[in-house]
Amino acid sequence: MKCTVKACSNLALIKYWGNVDPYWHIPTNDSISVSLGSLQSTTTLEFGSDYSDECYLNEKLISGEGYDRIKFLLQHFRKFTDFHDPVLMQSVNNFPTAAGIASSASGFGALAHVLYEASGFEYTEKDVSKLARLGSGSAARTIYPGYAHWLKGIDHDSSFAIKIKDPDEMRVIVSITEKSAKPVSSFEAMELSKDLSPFFAQKAEHSTNHIPQMIEALANDDFSTIGDIAQKEANNLHAVINTTGLGISYWNVGTLEIMKFVNLLRESGTEAYYTIDAGPQVKILCLPKDESGIIQELEELHYIKDIISSKVGYGSHVVSSHLF
Ligand code: PMV
């Protein structure tokens, strides 16, 4: 059967960075994310004996490392389900790919979900989360609307995400400073920094301590604490990435300009916080009343290439219109 799934990208408020077991993507610490409603991957997949696992992203045949990751996920899906037919897959992102706005999270989340759905195999959200994790760790959190908590677990069966809160009114302004793909993949950078950064273990310890604090802040709609922890997590993450001794850094001049801008906003009374993943884009967390004012000021900055503002998004779901 042909099926299509739409999935939102997600933004980590508590960051995943590094694996106890890199093969299965069993992370060093738990993480928490918010779904980004404006950033979507749509994926159509069909099983058929005439196909040979051809996969397209934005109308281009996927090859190289991206295809290896898809093959890895497919290989395990076949082992888990005993469903061996080849597939044809087409996927589109409505935002820049592999530039640090978690296209792998929405892409692999959509792929895992559409595989189960198109196969007709009985499945749970937990099955989708575990399978998505094999493509990209952060994809484990994509199936859920609102806020998700990835429980690190100790093996494939125990490492999956759960939903912790429905969408609320928070806004995320994605400030794009560079549209091309990042030079070092997050997986490669996290494995290198695990071995080389002197701050890797401290970051993981802080993240573990931040988890119950973030869960409490979300339950209380305590935006100040949510933002404060998210910004600290971003600073800790990049302290690790920037200290491998190999010159790896995802920041550019625009990243620094926006980080400063957000700190100045807060000093002048507008509550806003930044967070940054493995890329140069800065995501600004704010309340709906401040959204348009912040966007107006951002547009004046020197290094801004694009701005995408997002509400908290929905979980991955099946849709009826197909890409082929
Ligand atoms: O899922 P990956 O391998 O793309 O790694 C994601 C890493 C961060 O985005 C920096 C953090 C996170 O938790 O999403």
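Numerical summary
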quantity	calculated
Extreme residue, farthest from GLY135 (Cα to Cα), among residues of the range 166-192 that are within 11 Å of the ligand (Cβ to nearest atom) and small (Gly, Ala, Ser)	ALA189
Count of the range 225-243 residues which are within 14 Å of the ligand (Cβ to nearest atom), of a type in the set (S, T, N, Q), farther than 15 Å from ILE284 by Cβ and without any contact (Cβ under 8 Å) to a residue 60 or more places away in the chain	1
Looking only at the range 14-31, and only at residues there that are within 10 Å of the ligand (Cβ to nearest atom) and part of a strand (DSSP E or B), the one that is farthest from LEU73 (Cα to Cα)	ILE14
So PHE95, is it assigned to a helix (DSSP H, G or I) and away from the ligand (no atom under 13 Å from the Cβ)	no
LEU11 being under 30 Å from MET170 (Cα atoms) and either within 11 Å of the ligand (Cβ to nearest atom) or at pLDDT 95 or above (or both)	yes
Of all residues making up the range 283-316, the number that are closer than 19 Å to ILE32 by Cβ, of a type in the set (Val, Ile, Thr) and touching a Gly at 6+ places or on another chain (Cβ under 9 Å)	1
Criterion: in contact (Cβ under 8 Å) with a residue 12 or more places away in the chain, surrounded by 18 or more Cβ atoms within 10 Å (Cβ to Cβ) and farther than 18 Å from PRO22 by Cα - qualifying residue of LEU131, LEU111	LEU111
Residue check for ASN236: modelled with pLDDT of 95 or more and either among the hydroxyl-bearing types (Ser, Thr, Tyr) or farther than 22 Å from ASP306 by Cα (or both)	yes
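The values are calculated or read from the model by the stated rules, or taken from the named source; none is laboratory data. As the structure is a prediction and not an experimental result, all values here were calculated from the model. Backbone-built Cβ (ideal geometry, glycine too); neighbour counts: all protein chains shown.
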